[in-house]
Amino acid sequence: MIGRDFLQGTKYSRKDIGSNSGKYFYDSSRYKQYNNAKKFPLPKPTDLSQKTLMECVKNRRSRRNFASDEVGLEKLSYILWVSDGISKITPNFEYRTAPSAGALYPIETYLVINRSSVVPTGIFHWNIPEHSLELIREGDFAREAAKAALDQTMVARAPVVIIWTAVFSRSTWKYKERAYRYVFLDAGHIAAQLFLGAVSVGCGTCQIAAFYDDEINKMLEIDGINESALYLSVLGKT
């Protein structure tokens, strides 16, 4: 069984924790950037929260129905920053709002924007160090994204769909096979942060793990091997 094989094949044991079960190259990249893409700078993230942390935790629910309003760029900027933005810069390192195994940050964030009066509809990549949206493909991808997410109509109705991918080599060079566990944990950390950030500004979200991997990867124009989709979330005002 694949699931059991995965758990067995990625276990640590005292006798072989330092062994290399595969050949992996060192990947020092921490950020993916689309240098030739049209960029849309996001407003500087400011604290827009309307609720205390206790209120956010108590009111956290998966939301599948949204108001017709778009998610403005100020709120989107804040929610993205809460999820995995840069919180502190030192001479040799940028700290992020979400934890990551070994501080290697293998997760990339893409957005399918279905409704906006400020940026075109299309598929974007979040450029974290510049805090901007990079337009990868312009057009209406609402139905295509919903179809790829097992025909879940909330994906087409939501103003914004978040897609998290993993660039595996950022983690495998250090953690070998174990890295494949860590990238899923990292995505979960980011999704939880996004959830609380969304609730704090009157937005709702629902995480999605059921999707046709190859269809999402094709939509993002990634290979599904070196980089692959892991997790989705819809986002909108409630």
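What to note about this one:
- Within the shell of other residues whose beta carbon sits under 15 angstrom from the beta carbon of residue 71, the net charge comes to +2, with Lys and Arg scored +1 and Asp and Glu -1.
- Within the range 66-120, none of the chymotrypsin sites (Phe, Trp or Tyr not before Pro) combine a DSSP coil assignment with at most 13 other C-beta atoms in a 10 angstrom radius.
- Annotation: the residues 163, 123, sorted from fewest to most other C-beta atoms within 10 Å of their own C-beta, follow the order 123, 163.
- At 1.002 mPa s and 20 °C, Stokes D of the chain from Kirkwood alpha-carbon radius, µm² per second: 116
- Screening the chain for DSSP H helices whose Cα atoms reach 24 Å or more along their own axis and whose mean Kyte hydropathy is at least 0.0 gives 179-200.
- Potential lengthening of the chain between residue 31 and residue 214 amounts to 63.6 nm, from the contour at 0.36 nm per residue minus the alpha-carbon distance.
- Most positive-pole-ward Cα, 173, 12, 66, against dipole of the chain from beta carbon charges: 12
- Farthest toward positive dipole pole in the range 117-163 [+1 Lys/Arg, -1 Asp/Glu at C-beta], among 146, 163, 135: 146
- Put a plus charge on the Cβ of each Lys and Arg, a minus charge on the Cβ of each Asp and Glu, and nothing anywhere else: the dipole of the range 1-98 about its Cα centre is then about 300 debye.
- Three-way shape call for the range 21-141 based on the alpha-carbon gyration tensor, with the a/c threshold at 1.5: oblate
- For residue 226, the shell of other residues with beta-carbons less than 12 Å away shows a net charge of -2, using +1 for Lys and Arg and -1 for Asp and Glu.
- Amide H contacts under 5 Å for residue 201, placed H, 5+ residues apart: 50
- Across the chain, the relative contact order, built from alpha-carbon pairs under 8 Å that are at least six residues apart, equals 28 percent.
- Charge dipole (debye, nearest 20) of the chain; +1 at Cβ of Lys and Arg, -1 at Cβ of Asp and Glu: 760
- Sites residue 48 and residue 1, calculated FRET efficiency, Cβ-Cβ separation with R0 45 Å, nearest 0.05: 0.45
- Coil-residue trypsin sites (Lys or Arg not before Pro) of the range 55-116, DSSP, other Cβ within 10 Å capped at 12: 61
- Sum of side-chain charges, residue 142 neighbourhood, beta-carbon under 11 Å (Lys, Arg +1; Asp, Glu -1): +2
- For GluC sites (Glu not before Pro), the sites in the range 92-144 that DSSP calls loop and that have at most 15 other Cβ atoms within 10 Å are 130.
- Think of the chain as a dipole: +1 on every Lys or Arg Cβ, -1 on every Asp or Glu Cβ, centred on the Cα centre; then among 189, 42, 78, 189 lies furthest on the positive end.
Only the coordinates and a few stated rules stand behind these numbers; no lab work does. Worth saying up front: this structure is predicted, and the values here are computed from it rather than measured. Cβ atoms come from the backbone with ideal geometry, glycine included; neighbour counts cover every protein chain shown.
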